[in-house]
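Novice: Sharing a structure, written as structure tokens. Questions coming.
All of the numbers you see were taken from the coordinates with simple rules; none came from a lab. For clarity, every value in this text was computed on a predicted model and none was experimentally measured. Every residue, glycine as well, gets a Cβ built from its backbone with ideal geometry; the counts of neighbours run over all protein chains shown.
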């Protein structure tokens, strides 16, 4: 079976810096749990900024980027809004996500695209 490697990046709605403290710990747990449930392997611990998530994942070809993003963003948003109702709104994440495939993790062009997305989202053409 073929394996695909993906960079996934998505941001909080309006880039609100709410991924801190207990929320940050819990989102990491939720993402790890959902990856296990979907049989997706995180290739690193991921980066959780105050307003974005950056994951490097490996999965088989039965997982499209769309279904991976839906599962990870959907579950984490739902559970976080229930567990932290004062801090997290039901629509935690900005619409869309950046997904890039890769062969070499330290690809300079890939890193530039990710940095641009984190800073500008889709308002700037990549």
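Novice: Is it possible to state the helix-based mean residue ellipticity at 222 nm for the chain, with each DSSP H run of 4+ residues giving -39500 (n - 2.57), the sum divided by total residues, to the nearest 500 deg cm²/dmol? What is it? Present the calculation step by step, with values, prior to reporting the outcome.
Specialist: On the way: 3 runs with 50 residues, N = 126.
It lands at -13500 deg cm²/dmol.
Novice: Within a 10 angstrom radius of the beta carbon, how do 73, 112 rank from fewest other beta carbons to most? Walk me through the numbers before you get to the answer.
Specialist: On the way: 73 21, 112 11.
Result, fewest neighbours first: 112, 73.
Novice: What whole-number distance in Å separates the alpha-carbon centres of segment 69-105 and segment 12-26?
Specialist: 10 Å
Novice: Could I ask something else about it? Have a look at 12, 33, 61 and tell me which one the Gaussian network model of the chain (Cα, springs below 10 Å) gives the largest fluctuation.
Specialist: 61
Novice: Another one. Just the projected area, averaged over all directions, of the convex hull on the alpha carbon atoms of the chain: how many nm²?
Specialist: Its average projected convex-hull area is 7.4 nm².
Novice: For 39, 86, 78, what's the fewest-to-most ordering of other Cβ within 10 Å of each Cβ?
Specialist: Numbers: 39 10, 86 4, 78 14.
Least to most surrounded, the residues fall as 86, 39, 78.
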